[in-house]
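Novice: I have a structure I would like to understand better, so I am pasting it below and will then ask my questions one at a time.
The values are calculated or read from the model by the stated rules, or taken from the named source; none is laboratory data. Since the model is a prediction, treat every value here as computed from it, not as a measurement. Virtual Cβ from ideal backbone geometry, glycine too; neighbours counted across all protein chains shown. Areas reflect the complete protein model, heavy atoms only, side chains present, ligands, DNA and RNA absent. Shrake-Rupley method; radii C 1.70, N 1.55, O 1.52, S 1.80 Å.
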Amino acid sequence: MLHKTTAEGTEPDAPVETTAHFSGLIRYERQMPIHQISYYLCGDIGEPQHYTELFYTLRTASETDLIYLHLNSPGGEFDTGLQIINNILASEAHVITVLEARAYSMAALIFLSGDELVIHDNCQLMFHIYSGSFAGRGNEQQAEVIAVGKWFEKAMGRICTPFLSDSEIGKILKGSDLWMDSDEIQRRLMRLQRARAKSATTARKKPGTVPDGAA
């Protein structure tokens, strides 16, 4: 150690700081279990009580879970399909919807609701307006038709945009059927991926915003 001499005597100099040499990054690793779960939605979509296990799985899954929904369905109950979709959107898991043959009507909307969409060759999607029967007095039936129509229109817009254009959704709401094969679906999925990437970028730039539907 260096010393210096003063009128009072000899005292040590302040210690000389040394710079530590960079020896490389240190890796810190955490391993978490990944669960892969598969459900097969085949045939008609029935009453909601038959899907409670699926609802529970989606609601209790963690962010490291992968849930596959394999679709081959002509569609079915509108309210059951919406409950499946709402649970997909609320799930912390990464939900992958897989089109394996056909997804018509409500099944097509379920397919579009996945975090990741996978399609095989030789598949079909079909979109059309809802169908149903109404009971009760005339004024009650009229009120129900109007309410269900608005409900369906909002659901179509939220789920199918931008996979479907506003013009296409408008034609469906007027009674047209829209069919597409795997090649057309693949082209539209590229557009959907770009829209989702743009939305994610915008959300990162605005950390104070709250996603739609969040409390």
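Novice: Under 6 Å between Cβ atoms, at least 6 apart or on separate chains: pull out the pairs that start in the range 80-94 with a residue that is under 15 Å from ILE45 (Cα atoms) and end on any residue that is of a type outside the set (S, T, N, Q) and open to solvent by 20 Å² or more (accessible area, probe 1.4 Å).
Specialist: From residues that are under 15 Å from ILE45 (Cα atoms), the pairs are THR80/PRO48; GLN83/PRO48.
Novice: Turning to a different aspect of this structure: Take ASP79 and tell me if it is of a type in the set (Asp, Glu), open to solvent by 10 Å² or more (accessible area, probe 1.4 Å) and closer than 22 Å to LYS174 by Cα.
Specialist: Yes.
Novice: Let me ask something else about it. Do we have GLU116 as over 14 Å from the mean Cα position of the chain (by Cα) and open to solvent by 50 Å² or more (accessible area, probe 1.4 Å) here?
Specialist: In short, no.
Novice: Within the range 34-50, count every residue that is more than 21 Å from ASP79 (Cβ to Cβ) and open to solvent by less than 90 Å² (accessible area, probe 1.4 Å).
Specialist: Of the residues in the range 34-50, 2 are more than 21 Å from ASP79 (Cβ to Cβ) and open to solvent by less than 90 Å² (accessible area, probe 1.4 Å).
Novice: Still on this structure, I have one more. Which of the residues spanning the range 64-81 are out of contact with any Phe, Trp or Tyr (no Cβ under 9 Å at 6 or more places or on another chain) and not in a loop (DSSP other than H, G, I, E, B)?
Specialist: If the condition is that a residue be out of contact with any Phe, Trp or Tyr (no Cβ under 9 Å at 6 or more places or on another chain) and not in a loop (DSSP other than H, G, I, E, B), then LEU66, GLY76, ASP79, GLY81 are the ones that fit.
Novice: Of everything in the range 83-138, what is over 11 Å from SER73 (Cβ atoms) and aromatic (Phe, Trp, Tyr)? Give them in sequence order.
Specialist: PHE127, TYR130, PHE134
Novice: Which of the following residues is under 30 Å from THR52 (Cβ atoms) and hydroxyl-bearing (Ser, Thr, Tyr): SER91, SER167?
Specialist: Just one listed residue meets the conditions, SER91.
Novice: Please find, among GLU53, GLU100, GLU92, GLU17, the residue that is at pLDDT 80 or above and assigned to a loop (DSSP other than H, G, I, E, B).
Specialist: Details: GLU53 fails: assigned to a loop (DSSP other than H, G, I, E, B); GLU100 fails: assigned to a loop (DSSP other than H, G, I, E, B); GLU17 fails: at pLDDT 80 or above.
Exactly one of GLU53, GLU100, GLU92, GLU17 is at pLDDT 80 or above and assigned to a loop (DSSP other than H, G, I, E, B), namely GLU92.
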